[in-house]
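K.L.:
Supplied in structure tokens, the structure appears directly below.
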Amino acid sequence: MTLNRKKSRIIVIGANFAGLTAVSKLCKSHDVTVIDAKQDFQWTPNIHEILSDVKKETSLSLNLDTIITRLGHRFINQTVSSIDGALQTVTLDDKQILNYDVLLIASGHSRSNYGIKGASEYAYGFRTADDVIQIHNDIEALLNNNKHPVNISIVGAGFTGVEVLGELLRKYASNKQLHFNVIDSASRLLQALPEKLSDDVISQCKSYQVSFHFNQKIIEVKQSSIHFSDNKSIDSDLTIWSAGTKLPDYLNDINTPITSNGLAVNEYLQTTEFSSIFVAGDSATLSSSLPKQASIALDMGLHAALNINRFCDKKTLKPLKVRTKPILLSLGDINTYFVQGKLVLASPLLAAGKEAVYQFYMARLSALLPIEQRVLGIADRITLSTEKLLLVEILKLRPRVLIGRSKVL
Ligand SMILES: Cc1cc2nc3c(=O)[nH]c(=O)nc-3n(C[C@H](O)[C@H](O)[C@H](O)COP(=O)(O)OP(=O)(O)OC[C@H]3O[C@@H](n4cnc5c(N)ncnc54)[C@H](O)[C@@H]3O)c2cc1C
């Protein structure tokens, strides 16, 4: 006779890179509930390509309900409003309260406005495909109004800011109606990456209508202007906010240590205060600080699932061993950079590598969908990439230009 063992109730908050990967590896014998405010998994690292029509929202999304139900788990499409670590409960926006034995927080980061006046009202966020579609449509509307010039500002010259600039140049480089401003409080682009990379991006942009504003502290964003602490200001018809991120607000009252970067976790990905709460992806901060990257979130998600399964079975947990990952940064169709530590390679040909990573992981994640949806999705993504990226490059037949731009920085 088999014993009717009580199922562990596991709740996962957030089903993107870290959360969805974890969910796919949790034992089916557990009672797993997955909560996400969005209906779809979204491949964030390429959302900027919606600006240049190289990607569509559908080519970056996978339906969560279908995937999670097929995994044998329950999906709730809602926003979590609070967690009580002592009572082991999660409260949803509709006031529903759910109990858990083990909780995985994989809700990433959200936009930070640093309390700057007008930023939330007048600057567009850049976190989801919906944000990007809104920006895409509003730029087109400004151009159709025949305004001259149309000033577009990108606040925050980190990874996202540079990729946004590249995509806008891919689409609008020859449109003299547009002028781009890139603003940062730091003295250069891409503070976390080698300086030579910043220098190269700036020099590549010299022939375009781009102005860089470094060492600038913004004090206010208005509908059509940005104001700095030195009393200067610039015109800005559309301001894109890629300046910073923070933990989602619902985690503010969780009674476990929070660092500036996320929830502090030990090497097993458990919070320091509650052993039944695990954290993975951008929301987690280990003692050895890790970059906020999708590839690292995927690894953390896998590891969180391994340890949650072991925790439920009362087995010893395994420490996370993290490998640092190279970064592929694109500047539209101007150049793509491979960065590993101090090594920086620049080549437009590396764009194929970035595209291959996207195609490979989307195909792998979509293995959880029914066969017909999987095949249609793969066909759609490959057709779009061939049409918008590969054919464009092949038809330009400019191998000398492409190879000429390839170098070790
Ligand atoms: C524009 C852009 C470009 C990027 N480019 C790259 C790149 O080229 N390479 C790279 O490695 N990384 C890149 N990143 C970073 C990468 O996207 C993140 O590191 C990664 O998404 C983190 O994964 P995650 O699962 O921790 O969080 P996320 O992917 O942010 O997922 C969090 C999930 O939690 C959900 N959620 C949040 N709050 C709640 C709540 N209260 N209730 C319910 N659900 C909630 C969200 O809806 C979301 O689905 C980029 C990010 C952006 C924004």
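K.L.:
Can you name the number of the only condition in (1) touching a Lys or Arg at 6+ places or on another chain (Cβ under 9 Å); (2) closer than 22 Å to Ala305 by Cβ; (3) buried (at least 16 other Cβ atoms within 10 Å of the Cβ) that Asn77 fails?
P.N.:
(3)
K.L.:
Could you identify the single residue in Leu317, Leu331 that is modelled with pLDDT of 90 or more and more than 16 Å from the ligand (Cβ to nearest atom)?
P.N.:
Leu317
K.L.:
Another question, if that's okay. Identify, please: which residue in segment 285-301 is touching a residue at least 40 places away in the same chain (Cβ under 8 Å) and not small (Gly, Ala, Ser) and is, among those, nearest to the ligand (Cβ to nearest atom)?
P.N.:
Per the stated criteria, the residue is Lys292.
K.L.:
Quick one: Ala192 ticks every box in (1) in contact (Cβ under 8 Å) with a residue 40 or more places away in the chain; (2) more than 16 Å from the ligand (Cβ to nearest atom); (3) in contact with a Phe, Trp or Tyr (Cβ under 9 Å, 6 or more places away or on another chain) bar one, so which box is it?
P.N.:
Result: Ala192 passes all but (2).
K.L.:
Can I ask one more? Among the residues of segment 316-338, write down those that are within 15 Å of Ala294 (Cβ to Cβ) and open to solvent by less than 20 Å² (accessible area, probe 1.4 Å).
P.N.:
Passing the criteria: Leu329, Ser330.
K.L.:
Within segment 352-362, count every residue that is open to solvent by 40 Å² or more (accessible area, probe 1.4 Å) and either within 14 Å of Ser406 (Cα to Cα) or hydroxyl-bearing (Ser, Thr, Tyr) (or both).
P.N.:
Qualifying residue count, segment 352-362: 2.
K.L.:
Give me the pairs: first residue in segment 357-375 and touching a residue at least 60 places away in the same chain (Cβ under 8 Å), second residue open to solvent by less than 40 Å² (accessible area, probe 1.4 Å) and part of a loop (DSSP other than H, G, I, E, B), beta-carbon distance under 8 Å, and six or more apart or on different chains, which are they?
P.N.:
Within 8 Å, the pairs are Tyr358/Trp43; Tyr361/Trp43; Met362/Trp43; Leu368/Leu71.
Each row is one residue, and each column tells you yes or no for (1) within 10 Å of the ligand (Cβ to nearest atom); (2) at pLDDT below 95.
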| site | (1), (2) |
| --- | --- |
| Arg9 | no, no |
| Ile13 | yes, no |
| Gly19 | yes, no |
| Val23 | no, no |
| Cys27 | no, yes |
| Val34 | yes, no |
| Gln42 | yes, no |
| His48 | yes, no |
| Leu51 | no, no |
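K.L.:
For segment 78-87, enumerate the residues that are more than 24 Å from Tyr124 (Cα to Cα), within 12 Å of the ligand (Cβ to nearest atom) and not aliphatic (A, V, I, L, M).
P.N.:
Within segment 78-87, Ser82 is the sole residue that qualifies.
K.L.:
I would also like to ask the following. Does Asp282 qualify as being in contact with a Phe, Trp or Tyr (Cβ under 9 Å, 6 or more places away or on another chain), buried (at least 17 other Cβ atoms within 10 Å of the Cβ) and of a type in the set (D, E, K, R)?
P.N.:
When the stated conditions are applied, Asp282 passes them.
K.L.:
Another question about this same structure. Would you check which residues across segment 245-267 are assigned to a loop (DSSP other than H, G, I, E, B) and in contact with a Leu (Cβ under 9 Å, 6 or more places away or on another chain) and list them?
P.N.:
Passing the criteria: Leu247, Ile254, Thr256, Pro257, Asn261, Gly262, Asn266, Glu267.
K.L.:
Take residues that are within 14 Å of the ligand (Cβ to nearest atom) and within 22 Å of the chain's Cα centre (by Cα) and tell me which of the strands (runs of 3 or more DSSP E) falling wholly in segment 88-156 contain 1 or more.
P.N.:
102-105, 123-125, 150-155
K.L.:
I'm told Leu62 meets every condition in (1) near the ligand (Cβ under 10 Å from one of its atoms); (2) touching a residue at least 40 places away in the same chain (Cβ under 8 Å) except one. Can you identify the failing condition by its number?
P.N.:
The number of the failed condition is (1).
K.L.:
Kindly provide the set of residues from segment 17-53 that are touching a Lys or Arg at 6+ places or on another chain (Cβ under 9 Å) and surrounded by 24 or more Cβ atoms within 10 Å (Cβ to Cβ), ordered by number.
P.N.:
Val32, Val34, Ile47, His48, Glu49, Leu51
K.L.:
I need the full set of residues from segment 1-58 which are under 22 Å from the mean Cα position of the chain (by Cα), farther than 21 Å from Leu306 by Cα and hydroxyl-bearing (Ser, Thr, Tyr), in order please.
P.N.:
Thr44, Ser52, Thr58, listed by residue number.
The values are calculated or read from the model by the stated rules, or taken from the named source; none is laboratory data. From a predicted model like this one, the values you see are computed outputs, not experimental measurements. Heads up, the Cβs are rebuilt from the backbone with ideal geometry, glycines too, and the neighbour counts pull from every protein chain shown. Protein only, heavy atoms only, side chains kept; ligands, DNA and RNA dropped before computing areas. Shrake-Rupley method; radii C 1.70, N 1.55, O 1.52, S 1.80 Å.
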